[in-house]
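Structure first, then comments.
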Amino acid sequence: MKWDAWGDPALAKELSADIKGLLAAALGVTGDATPGPAADEVLLRPSRITPDDLKALADAVGEDHVSAADADRLPRAGGKSTPDLLRRRSREPQDAPDAVVLPGGEDEIAAVLALCAERRLAVVPFGGGTSVVGGLDPERGGHGAVVSLDLRRLDRLLDLDETSGEAVLGAGLTGPAAEALLAERGYELGHYPQSFRYATIGGFAATRSSGQDSAGYGRFDEMVRGLRVVTPVGVLDLGRAPASAAGPDLRELFLGSEGTLGVITAVRLRVHPLPAAKAYEAWSLPDFATGTAALRAVEQQGTGPTVIRLSDEAETMVNLAMTEQIGGAPAVTGCLAVTVFEGTEDQVATRHRLTRDALLAVGATSLGEQPARAWEHGRFNAPYLRDSLLGAGALCETLETATDWSRLPQLRAAVTEALTGALPGALVLCHISHVYPTGASLYFTVVAALGEDPLTQWAAAKRAAGDAIVAAGGTITHHHAVGADHRPWMTDEIGDLGVRILRAVKAELDPAGILNPGKLIP
Ligand SMILES: Cc1cc2nc3c(=O)[nH]c(=O)nc-3n(C[C@H](O)[C@H](O)[C@H](O)COP(=O)(O)OP(=O)(O)OC[C@H]3O[C@@H](n4cnc5c(N)ncnc54)[C@H](O)[C@@H]3O)c2cc1C
């Protein structure tokens, strides 16, 4: 993973003439942004870790698995939001963890947490480094230094129970590594967020991630059957049975805990046999309101697509311009919807037929399978475009929320108005990609001309959008999690009493307050 951009440098893309034309016409963006520094030119503030602390960490995990070198600190200086990338590309001095520690197992994690509590060192668990909410900001929280606890060595398939359809996966496995291990045995997890290639099993659990196949296989938290968590005061092994009436479900405390309550070391997950058959169909809907009604009809009838998503008119138009860029869909008018079906031959045929019937009944027009296949082919490539846009002088960022079907139109209008109010002239694109019988998520992409001070420019837009989301009754995050960036709205989300409950749990599990300070809990 590049330290100042997304993904694999070999896959970076130049902007096409179509996109450049769109940027010039819509936003007046014609130039290039000032290039950022090379990695060895970045001014990292010096590490504050003492030689004695570094030695204690090396005693816990081995000398080869501890570093205070800038080359190791820089890639863990934060996540991959646009503000993260802007900060990385800055020539001003910037913060980074004071040391990086790579434990090899639970005992080593417990030892690291114990010595960090004793020596007052903050700890930021680090999975794939793809947080887009400031979840990896190297906050010291009043402690002497901050350690990045990189979990990549927890990378094994620990168990596969084929009878129950459950696998236990190490927290540090990336999406592709986990799927490859399962595929060797004929199984699949089916969790495909756009960050799939880099994000980890532990990160998915810690952020309540949702993948593009959520209509078929559910959100990540819905797949979780059990969790092992190392906290500063002991180890928890949660989830004894497929369902239980033994009080509140403590797994829920750690799903979405974002490294503030403990370190997730392994996750027991529902898996399914690799699908034998697959079908694709794309659709054109005359407008977003009709498209939204179509998705609702499909979901409420339970016709069973694995993927169902709807782009609004603006996103459909931009998809068109991006066709060559990321392998997106070809010319479509109105709003593009994509459906994909997986399962046995019979299941796929039935699900496809029922979904077709439901969509045709509410005014959808079939575009055949090609645009849906094209969407799948390019689905992990869009983030590269953000880097090219930034390089061309355009600010590009995303945000997401969710609400009930009945409030979805008002929520979309409120967020769009807030974003265009804060960023006059901005292009605001929206899609629905996660649906439930009672509601759906809205995912916004914003593109604007980069201002003089883009961090302040985006902070104002984010504040306006967050306030609009709360006022319109949406959740401050459907799947990106809270981190530092959504923390100001947590009291609106769960109320004062809810915040007190989280604080009380934190005080019990992390009495020294070393775990991921400044995130999630106000
Ligand atoms: C381009 C792009 C596309 C994205 N698309 C999606 C998407 O489609 N769906 C989606 O849900 N999200 C998406 N995200 C957000 C992000 O990928 C998810 O939040 C992901 O789950 C984070 O996983 P990670 O392993 O990278 O965790 P990290 O970013 O390393 O960490 C995220 C948070 O979890 C904590 N954490 C990580 N591992 C552990 C652990 N083992 N124990 C305890 N705490 C831990 C960290 O301290 C941090 O607070 C996207 C991000 C990017 C940059």
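The values are calculated or read from the model by the stated rules, or taken from the named source; none is laboratory data. Predicted model, so just to flag it, every value in this text is computed and none were measured. Cβ sites come from the backbone with ideal geometry, for glycine too, and all protein chains shown count toward neighbours.
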Given (1) buried (at least 18 other Cβ atoms within 10 Å of the Cβ); (2) of a type in the set (A, V, I, L, M); (3) part of a helix (DSSP H, G or I), VAL124 misses just (3)
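Looking only at residues in region 474-522 that are within 16 Å of the ligand (Cβ to nearest atom) and charged (D, E, K, R), which one is farthest from ALA440 (Cα to Cα)? First the steps, then the outcome.
In the first step, residues of region 474-522 are kept if they are within 16 Å of the ligand (Cβ to nearest atom); the result is 475-487, 490, 502, 505-506, 509-510, 513-522.
Now drop any that are not charged (D, E, K, R), which leaves 485, 487, 506, 510, 519.
Details: ASP485: 22, ARG487: 22, LYS506: 31, ASP510: 35, LYS519: 26 Å.
Among them, the one singled out is ASP510.
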Members of region 69-91 found to be surrounded by fewer than 21 Cβ atoms within 10 Å (Cβ to Cβ), part of a loop (DSSP other than H, G, I, E, B) and modelled with pLDDT of 95 or more, listed by number: ALA69
Determine which single condition HIS431 fails, assuming it passes every other condition in (1) in contact with a helix residue (DSSP H, G or I) (Cβ under 6 Å, 6 or more places away or on another chain); (2) within 19 Å of ALA206 (Cα to Cα); (3) within 14 Å of the ligand (Cβ to nearest atom). (2)
Going through ALA440, ALA465, ALA481 one at a time, which residue ends up being among the aliphatic types (A, V, I, L, M), touching a Phe, Trp or Tyr at 6+ places or on another chain (Cβ under 7 Å) and within 22 Å of SER195 (Cβ to Cβ)? ALA440
Could you tell me which numbered condition LEU11 fails, if it satisfies all but one of (1) out of contact with any Phe, Trp or Tyr (no Cβ under 7 Å at 6 or more places or on another chain); (2) surrounded by fewer than 19 Cβ atoms within 10 Å (Cβ to Cβ)? (1)
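Yes or no: GLY62 loosely packed, with under 13 Cβ neighbours inside 10 Å and at positive phi? I'd like the intermediate steps shown before the answer.
Details: loosely packed, with under 13 Cβ neighbours inside 10 Å: no; at positive phi: yes.
In short, no.
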Scan ARG76, ARG45 and give me the residue that is among the basic types (Lys, Arg) and either free of Cβ contacts under 8 Å to residues at least 24 places away in the same chain or within 16 Å of the ligand (Cβ to nearest atom) (or both). ARG76
Does any residue of region 135-151 turn out to be in contact with a helix residue (DSSP H, G or I) (Cβ under 8 Å, 6 or more places away or on another chain), more than 8 Å from the ligand (Cβ to nearest atom), of a type in the set (Asp, Glu) and modelled with pLDDT of 95 or more? yes
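Looking at ARG219, ARG228, which one is surrounded by fewer than 24 Cβ atoms within 10 Å (Cβ to Cβ), in contact with a Ser or Thr (Cβ under 6 Å, 6 or more places away or on another chain) and more than 28 Å from THR339 (Cβ to Cβ)? Lay out the reasoning, then the answer.
Numbers: ARG219 fails: more than 28 Å from THR339 (Cβ to Cβ).
When all the criteria are applied, what remains is ARG228.
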What pairs can you find where one residue is in region 247-272 and without any contact (Cβ under 8 Å) to a residue 60 or more places away in the chain, the other is near the ligand (Cβ under 9 Å from one of its atoms) and in a loop (DSSP other than H, G, I, E, B), and their Cβ atoms are less than 7 Å apart, with a gap of 6+ or different chains? PHE254/LEU261; PHE254/GLY262; LEU255/ARG208
Only one of PRO93, PRO125 that is of a type outside the set (D, E, K, R) and within 12 Å of the ligand (Cβ to nearest atom): PRO125
I'd like the full set of residues that are in contact with a Gly (Cβ under 7 Å, 6 or more places away or on another chain) and among the hydroxyl-bearing types (Ser, Thr, Tyr), limited to region 120-151. THR130, SER131
Since ILE109 meets every condition but one in (1) in a helix (DSSP H, G or I); (2) surrounded by fewer than 19 Cβ atoms within 10 Å (Cβ to Cβ); (3) in contact with a Pro (Cβ under 6 Å, 6 or more places away or on another chain), which condition does it not meet? (2)
Would you kindly identify the strands (runs of 3 or more DSSP E) lying entirely within region 252-317 that contain at least 3 residues that are closer than 24 Å to ALA361 by Cα and in contact with a strand residue (DSSP E or B) (Cβ under 6 Å, 6 or more places away or on another chain)? 277-285, 307-311
Which condition does THR174 not pass, out of (1) among the hydroxyl-bearing types (Ser, Thr, Tyr); (2) more than 22 Å from ASP159 (Cβ to Cβ); (3) near the ligand (Cβ under 8 Å from one of its atoms), if it passes all the others? (2)
Tally of residues being in a loop (DSSP other than H, G, I, E, B) and more than 26 Å from HIS191 (Cβ to Cβ) across region 476-502: 0
Give VAL168, VAL132 a once-over and let me know the one that is in contact with a strand residue (DSSP E or B) (Cβ under 9 Å, 6 or more places away or on another chain), not in a loop (DSSP other than H, G, I, E, B) and not acidic (Asp, Glu). VAL168
Checking the structure you have, find out if any residue of region 401-419 is among the acidic types (Asp, Glu), more than 21 Å from TRP6 (Cα to Cα) and either outside any strand (DSSP E or B) or in contact with a helix residue (DSSP H, G or I) (Cβ under 6 Å, 6 or more places away or on another chain) (or both). yes
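Run down VAL340, VAL332 and say which single residue is among the aliphatic types (A, V, I, L, M), surrounded by 18 or more Cβ atoms within 10 Å (Cβ to Cβ) and modelled with pLDDT of 95 or more. Show your work before the answer.
Numbers: VAL332 fails: modelled with pLDDT of 95 or more.
Step by step, each of VAL340, VAL332 is checked, and only VAL340 is among the aliphatic types (A, V, I, L, M), surrounded by 18 or more Cβ atoms within 10 Å (Cβ to Cβ) and modelled with pLDDT of 95 or more.
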Based on what the data block shows, is ALA246 more than 19 Å from the chain's Cα centre (by Cα), more than 13 Å from the ligand (Cβ to nearest atom), part of a helix (DSSP H, G or I) and not charged (D, E, K, R)? no
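Which of the residues belonging to region 102-122 are touching a His at 6+ places or on another chain (Cβ under 9 Å) and within 13 Å of the ligand (Cβ to nearest atom)?
Of everything in region 102-122, those that are touching a His at 6+ places or on another chain (Cβ under 9 Å) and within 13 Å of the ligand (Cβ to nearest atom) turn out to be LEU102, PRO103, ALA122.
So which of VAL233, VAL229, VAL267, VAL263 is among the β-branched types (Val, Ile, Thr) and more than 10 Å from the ligand (Cβ to nearest atom)? Give the steps one after another, and end with the answer.
Working: VAL229 fails: more than 10 Å from the ligand (Cβ to nearest atom); VAL267 fails: more than 10 Å from the ligand (Cβ to nearest atom); VAL263 fails: more than 10 Å from the ligand (Cβ to nearest atom).
The unique qualifying residue is VAL233.
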I need the full set of residues from region 188-224 which are farther than 13 Å from PHE254 by Cβ, part of a strand (DSSP E or B) and more than 9 Å from the ligand (Cβ to nearest atom), in order please. GLU188
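Residues that are part of a strand (DSSP E or B) and polar (S, T, N, Q): does region 367-384 have at least one?
Within region 367-384, the first condition is being part of a strand (DSSP E or B), and the residues that meet it are 367-368.
In the following step, the residues that additionally are polar (S, T, N, Q) were identified as none.
No, there is no match, as no residue in region 367-384 is part of a strand (DSSP E or B) and polar (S, T, N, Q).
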